[in-house]
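Remarks on the structure that follows.
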Amino acid sequence: MHVKVLYEDNHLLIVEKPVNIPVQGDSSKDRDLQEMLKQYIKDKYNKPGNVYLGLIHRLDRPVGGAMVFAKTSKAASRLSDELRRQKIDRKYVAVIHGRPKRKAGRLVDYLWKDRKKNIVKVADRKKNGAKEAILDYKVLDQNGKHSLAEVQLQTGRSHQIRVQMANQGTPLYGDQKYGRHMNKVGQQIALWACSLSVKHPTKDEIISVDCPPPSVHPWNKFQLP
């Protein structure tokens, strides 16, 4: 599978993750993005032995868009620190059912993950294991019963956008897990990592990439930024 490279140097590799492939190996044993990129580096630079490629953040398997990887351990350490301090700017676009009550706003919830079922729920803040989840959204366009929203994460919780948007009554188009009652089996989830900005690990420079979603349904129903 061809993976589009958005930016690459000696320390960073930023790519467009294809939909429906895992970021790293899991129980499915399907080919994963991290291994594909290691093979890409091995082939491109004719590297012997094992290739280092640090995983900094994740995207859910059905979600596509911009992802940054570290090609050196120094870069991995510095990028991971940037992520912990919420300094990596990540924006997403999502097609949602309905229209939020406000065209723009901030959602603050506490999320709890059931690891056995791999499902995340909004919970009371006092629940053991519940973590605060914050995102900002704004509606960019509307078409019939659906809206196009831009989402910016302020925290990085598992399934965060999917759960928080569903909790306010606007689940994501195609989300089989958190919007099953409004989606048809087989629909592709409409969530896409559309831009990413990160401070370069060795230079005083911000690296920014744009990664628009594909011009297919339901994205092509909207005026994309």
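The values are calculated or read from the model by the stated rules, or taken from the named source; none is laboratory data. Only a predicted model underlies this, so the values are computations on that prediction, with no experimental measurement involved. Cβ coordinates were reconstructed from backbone atoms using ideal geometry, including for glycine residues, and neighbour counts include every protein chain displayed. Quick note on the areas: whole protein, heavy atoms, side chains included, nothing else; ligands and nucleic acids left out. Shrake-Rupley method; radii C 1.70, N 1.55, O 1.52, S 1.80 Å.
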Residue among 87, 101 that alone is outside any strand (DSSP E or B) and either over 19 Å from residue 154 (Cα atoms) or among the polar types (S, T, N, Q) (or both): 101
Hits in region 175-225 (condition: open to solvent by 60 Å² or more (accessible area, probe 1.4 Å), free of Cβ contacts under 8 Å to residues at least 60 places away in the same chain and either touching a helix residue (DSSP H, G or I) at 6+ places or on another chain (Cβ under 7 Å) or among the basic types (Lys, Arg) (or both)): 177, 180, 184, 203
Within region 1-55, considering residues that are closer than 22 Å to residue 188 by Cβ, acidic (Asp, Glu) and out of contact with any Cys (no Cβ under 8 Å at 6 or more places or on another chain), the one least open to solvent (accessible area, probe 1.4 Å): 32
Residue in region 164-174 that is nearest to residue 87 (Cα to Cα), counting only those that are open to solvent by less than 10 Å² (accessible area, probe 1.4 Å) and in a helix (DSSP H, G or I): 164
Residues of region 173-188 satisfying the condition of being among the polar types (S, T, N, Q) and either closer than 17 Å to residue 21 by Cα or under 20 Å from the mean Cα position of the chain (by Cα) (or both): 176, 187, 188
Leading residue by the ranking (farthest from residue 150 (Cα to Cα)) among those in region 90-109 that are open to solvent by 50 Å² or more (accessible area, probe 1.4 Å) and not aliphatic (A, V, I, L, M): 101
Filter pass, residue 156 being closer than 30 Å to residue 81 by Cα, in contact with a Lys or Arg (Cβ under 9 Å, 6 or more places away or on another chain), open to solvent by 10 Å² or more (accessible area, probe 1.4 Å) and part of a loop (DSSP other than H, G, I, E, B): yes
Subset tally (residues that are in a helix (DSSP H, G or I) and of a type in the set (S, T, N, Q)) for region 30-61: 2
Flag if residue 78 is outside any helix (DSSP H, G or I) and either under 25 Å from residue 134 (Cβ atoms) or among the acidic types (Asp, Glu) (or both): no
Matching option when the condition is in contact with a Lys or Arg (Cβ under 8 Å, 6 or more places away or on another chain) and either farther than 20 Å from residue 56 by Cα or of a type in the set (Lys, Arg) (or both), among 172, 224: 172
Any chance residue 138 is modelled with pLDDT of 95 or more, within 25 Å of residue 70 (Cβ to Cβ) and of a type outside the set (Gly, Ala, Ser): no
From 141, 114, residue being charged (D, E, K, R) and surrounded by 13 or more Cβ atoms within 10 Å (Cβ to Cβ): 141
